[in-house]
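Data first, discussion second: the structure below is written as structure tokens.
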Amino acid sequence: MNNTVKFSKEWLVKLASTKAEKRTEYKDSEIRYLRATHHIGGTVKLSVYRCPRGTRKAVRVALPFTVTESMPNLQQIRAEANKVINLLDQGINPNEAKTKANTPELILRIALDNYLDGSTNTERVNTNWRRAIETHLANWLDKPLKELCTPQRIFAQHRLIMREIANSNQSQGLKGDGGIGANEVLKKLRRILNFNRALDRSLNLPQWPAEELGGSGLKMWVDQKPRTSRIHREEFSIFWPALECLSCPVQRDLFKFMLLIGCRSGEARSLEASDVNFNRWTITFKNTKNGLDHTLPLTETLKTIILERISCGDGNKLFPLFDPKVITKHIEKACGLHVSPHDLRRTFSGIAEIAGIGSTTKKHLLNHLSGRDVTDDYTGSIDIDDLRIALTKIENKIMEFVNLQK
């Protein structure tokens with residue numbers, strides 16, 4: 001820059017009293033990063049122009065002075081310029097610091113909305129997410145996410161959620177120390193944090209403290225083994241009579257239906273009469289866990305269950321039950337077996353193996369998309385009649401176990 005001048009108050013005030021033909025910048029001969037920009041309208045702006053340490057792009061930081069007769073002397077202006085230069089030499093951009101100071105803190109409630117709006121989850125999954133966060137992190141919803149995600153606060157909240165769930169289970173006569181439930185809530189918080197960090201880097205959200213919470217740190221996570229509980233072949237002879245003796249036919253038919261078709265509890269309870277195709281005798285599960293509709297054929301036994309539910313006319317839903325876990329309690333009281341709704345799905349999968357159902361067919365029956373390999377592309381879609389044959393084989397094997405010890 002050729003416009004190098006030793007700045008003085010008198011020179012700057014005189015410069016501001018004239019109009020420039022074009023925008024012109026001057027450099028102070030004493031502090032080379034101190035600049036005075038003369039604009040066409042006559043205004044003179046003071047700034048520091050320099051690259052922050054570690055970068056190659058210069059930034060312009062405006063100084064808080066107006067060039068008038070009442071402006072401070074040059075000693076004060078140069079002192080302020082040196083403060084800015086020192087910050088830039090440390091790699092600190094005052095412009096970014098000012099933006100951060102004026103940016104409202106991202107609270108958990110908004111961060112949750114951001115995640116749910118941007119996710120590809122189904123509506124049902126999003127509802128479960130919101131319920132989990134708003135129930136177990138209610139006291140955190142209006143607090144800045146940045147302040148919440150410290151190792152100590154996360155660990156303390158995990159243990160608090162564990163106690164809350166354990167107490168709730170105990171009051172309902174259920175087992176469980178709440179560890180798995182607390183794990184799931186904090187995993188959701190972790191995903192919310194990571195999503196919002198990627199969404200807007202300017203928020204400067206911290207990374208999830210994985211190392212501090214892991215095995216070499218606070219050891220927060222409770223060991224979570226995959227559930228394997230199911231009905232074993234020798235237990236069918238007592239399970240089935242207990243199921244038949246349920247006083248509520250909707251409860252009885254729901255558990256029978258889930259066992260014989262392998263669907264999830266929520267998918268079965270969402271079924272309506274309009275989901276049944278009476279020409280092809282198929283039923284379509286809508287809004288499933290993977291977001292896709294899933295159509296399966298009905299065996300003769302499944303047809304009988306569906307027709308009975310429709311004939312009873314209990315509203316639009318085929319299985320109008322809010323909480324199927326009460327069925328688990330009734331069966332346990334009747335025969336001593338603790339059979340949860342998802343145990344029926346695991347039982348269905350295990351019996352499919354025993355009945356010789358191929359892995360591709362079983363995957364289709366269970367509506368599993370994960371673990372796809374190139375062989376699936378050669379196999380193509382499975383005919384509905386082949387699926388009906390597979391379901392009939394599974395049903396026959398179940399009834400064989402029911403009659404095993406009679």
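Only the coordinates and a few stated rules stand behind these numbers; no lab work does. Keep in mind it's a predicted model, so treat the numbers as computed, not measured. Positions of Cβ are generated from backbone atoms using ideal geometry, with glycine treated the same way; all protein chains shown enter the neighbour counts.
The table below gives the values:
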| item | result |
| --- | --- |
| Relative contact order (%) - segment 87-202, alpha-carbon pairs under 8 angstrom, separation at least six | 29 |
| Nearest-0.05 FRET efficiency for E123 and I382, computed from C-beta distance (R0 30 Å) | 0.60 |
| Neighbourhood charge, 10 Å Cβ-Cβ cut-off, centred on D343 and excluding it, Lys, Arg +1 and Asp, Glu -1 | +4 |
| Proximal lysines relative to K22, as straight alpha-carbon distance under 28 Å, when same-chain residues fewer than 8 apart are discounted | K6, K9, K14, K45, K57 |
| Net charge of Cβ neighbours under 11 Å - reference T282; Lys, Arg +1; Asp, Glu -1 | +1 |
| Length-normalised contact order of the chain in % [C-alpha pairs under 8 Å, at least 6 apart] | 11 |
| Table column - 3J(HN,Hα) (Hz), segment 72-81, Karplus curve with 6.51, -1.76, 1.60, x for Gly and Pro | x, 6, 5, 4, 5, 5, 5, 5, 5, 5 |
| Structure-derived mean projected area of the Cα convex hull in nm²: which label, when the choices are (1) 32.0; (2) 27.5; (3) 19.1 | (1) |
| Eligible aspartates and glutamates near K146 by straight Cα distance, threshold 15 Å, same-chain separation 8 or greater | E105, D200 |
| Overall form of segment 113-207 per C-alpha gyration tensor (a/c, 1.5; a/b vs b/c) | oblate |
| Reachable lysines from K175, criterion Cα separation under 27 angstrom, eight or more residues apart if same chain | K187, K188, K219, K225, K256, K289, K325, K329, K333 |
| T24 versus R191: modelled label distance in nm, points set 7 Å from Cα along the beta carbon direction | 6.2 |
| Whether segment 277-371 is rounded, prolate or oblate, judged on the alpha carbon gyration tensor where a/c under 1.5 counts as rounded | oblate |
| Candidates K175, K286, K317: whichever shows maximal mean-square fluctuation once the chain is modelled as a Gaussian network with Cα springs under 10 Å | K175 |
